[in-house]
Each structure stands twice: as structure tokens, then as C-alpha cells.
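Input: a single structure, listed below in C-alpha cells.
Each value in this text was obtained by applying a stated rule to the coordinates, not by laboratory testing. Keep in mind that this is a model prediction, so the values were computed, not measured. Every residue, glycine as well, gets a Cβ built from its backbone with ideal geometry; the counts of neighbours run over all protein chains shown.
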Amino acid sequence: MYETRSAADSAYRCRRTYRVAMQMSQLSAIDDTITRFLGRWSITVLRISVGVVFIWFGALKVFNVTPVADLVADTVYWADPDWFVPLLGVFEIVVGVSLLARRALRVTLGLFALQMMGTFLVLVVQPDVAFQDGNPLLLTVEGEFVIKNLVLLSAGMVVGATVRRRQAIARSGSAPLEPTFTNV
């Protein structure tokens, strides 16, 4: 009887192991599909998202409905805000449209980085506006608004890392065997 139970248990364990292996294989196939999808589209979506954000924020400045007009004016105090804020908006729109159009990405990303670094002037020129009680670890709303630009700057770096690979593929006229984040 003990041997019979042992053989039955062994057969059960084999079936269970097989089912678990099949489920793992199915999960792995799903994971592979998702990973290929993300590898193919994530950089493109990132580039488009940053472009849309730049167009949107730029348009708010151009139409003088941006909530950051005073922050910009007080940070770049040496320039007349009546022309500087709308000009900054036009600059942002140009960067955004260029990101969407995927044209002159190296130049566009250079301008993008310049604008992004300019936003950090708030931390230097107006630390009392960016930090609570002068403590750089305690951000105000304006400080958080500026610091989140680290994410946008990083997004630009990721998109920039793909420019050279994409151009090499375009010049060669051949597509890579499998889409990767470096060729979008």
C-alpha cells in the first residue's frame, strides 16, 4: 500500500510539475511579447510625450495663460517678461514640434537640454521660492515643479541615446533583425 501511494504521489508530482512548467512557459511567452512591444515602442512614446509636453507648456506661455509666468519673470529678472515669456514659449513649441517630427534630433535635444538646465536657475536665483526655510531637502511647490524636470532631462537623454543607432540603420538601408529600444 505504501508503494502504491508513493507511485501515485510521484505521478501527481510529475503532473503538477508539468503544469507549473507549462504555466511558466506561457508566462515567459507573454513576458517576451510585452518586452518586445516595450522595446519597440517605449522610446517612441517617450519622445512623443516629451514633445507634446513641450508644445503644451510652450503654448501656455505664448497665449499668456501659464501659471509660471511670474516664476519665469522673477528668475530671469534681467529680461523683459512681456517678450521673454512668449519667446520662451515659442522656443519650447519649436523643440516640441522637432521632437514629434524626429528632425535634427541632435540639435533639438541640445536645445531641449539648454532649456531644461535653464529651469534650474530657479534653485540658484530664487532659493527662497524653491526651498522651505532655506533647506534644500524641503521643496516648495515651485521647487517640486523645477526638480521634476530631472525626469524630463533624463527622458531627453534616453531619446538622445537612440539617435546615432537610428541614423546608422537609416544610412545602411537595412533593418535590424529584432526591434530594440536603440532603433526607434
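The table below lists the values:
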quantity	calculated
Sequence of Arg36, Arg19 once ranked by neighbouring C-beta atoms within 10 Å, starting from the fewest	Arg19, Arg36
Kirkwood Rh (inverse of mean 1/r, distinct Cα pairs), the chain, angstrom	20.3 Å
Local electrostatic count, Phe84, Cβ distance below 15 Å [Lys/Arg +1, Asp/Glu -1]	-4
Environment charge of Ala73, counting only residues whose C-beta is closer than 12 Å and scoring Lys/Arg +1, Asp/Glu -1	-3
